[in-house]
1. Here is a list: 161, 121, 157. Which entry is in contact with a strand residue (DSSP E or B) (Cβ under 9 Å, 6 or more places away or on another chain) and either modelled with pLDDT of 95 or more or surrounded by 20 or more Cβ atoms within 10 Å (Cβ to Cβ) (or both)?
2. Exactly one condition in (1) touching a residue at least 40 places away in the same chain (Cβ under 8 Å); (2) near the ligand (Cβ under 10 Å from one of its atoms); (3) surrounded by 23 or more Cβ atoms within 10 Å (Cβ to Cβ) is not met by residue 112; state its number.
3. Just name the residue that is farthest from the chain's Cα centre (by Cα) out of those in region 8-32 that are over 22 Å from residue 225 (Cβ atoms) and away from the ligand (no atom under 13 Å from the Cβ).
4. In region 139-150, is there at least one residue being without any contact (Cβ under 8 Å) to a residue 60 or more places away in the chain and assigned to a strand (DSSP E or B)?
5. Being touching a helix residue (DSSP H, G or I) at 6+ places or on another chain (Cβ under 6 Å) and away from the ligand (no atom under 11 Å from the Cβ) is the filter here, so list the residues in region 139-148 that pass it.
Ligand code: NAD
């Protein structure tokens, strides 16, 4: 019997990268899973590729919109009857620049994509989890949710904000059978990294390969982690074994962050 047998999970941004790996790990452990992305075509292709039949469902929506976040979470309940696990995973940042050159639009976009999306999805999920007196919420922060980095403050600020929201929510619902934690991966070479990494590297005065090497050298393990390293921690947090963990910012960065 899997660690998540009978559970229903909702993952924002689950067609590739960390979200998809986590969806596959949750399915392996017996959960029914809803994944999300912006393109119905990519969603249909992902369902086909994963091949989990009726246990996996896709809901299209842009997490930068409150109404879409509500529809993704409420749609999970409509499809499978409840929501036990929310993984607010989608996010990222573009238009990196030093603080002195940052535009309001760039900051606003990063906050919508990361922070506001997490808040909207979390709030909607809590409205289901509080009455059922159980639930697991996992938010997606980053090593950059714990430490500052030059040139990528729009990402650093948004991921710090997610950690603040996570810690406070955990205190509010701790006696209601609900845990709220963030995962804080170090660099992982997914599509968003190959897409946004070169510009981020440039804003830090590095090449893309130099950026990846810098991330590896900053860690204790001197290499980058893989999507499965994050997915397996999410399984732990979502399972009965994770019942005693809440309000934590779990580093999955190979020993990069100091706490
Ligand atoms: P990815 O680009 O491989 O996958 C992102 C997923 O989110 C895709 O399914 C994409 O379709 C979806 N998505 C993106 N924007 C969306 C939107 N506006 N609405 C709905 N869906 C959307 O990225 P990833 O590397 O797996 O990143 C996932 C999360 O992990 C992000 O929040 C990112 O900040 C965080 N993270 C990534 C790394 C890394 O190095 N890759 C490190 C730390 C944290």
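1. 121
2. (3)
3. Per the criteria, the residue is 30.
4. At the first step, the residues of region 139-150 found to be without any contact (Cβ under 8 Å) to a residue 60 or more places away in the chain are 139, 142, 144, 148-150.
When the remaining residues are screened for being assigned to a strand (DSSP E or B), the result is 139.
Yes, region 139-150 has at least one match.
5. Within region 139-148, 148 is the sole residue that qualifies.
The values are calculated or read from the model by the stated rules, or taken from the named source; none is laboratory data. Computed from a predicted structure; not experimentally measured. When we count neighbours, we look across all protein chains shown, and the Cβ atoms used for this are built from the backbone with ideal geometry, even at glycine.
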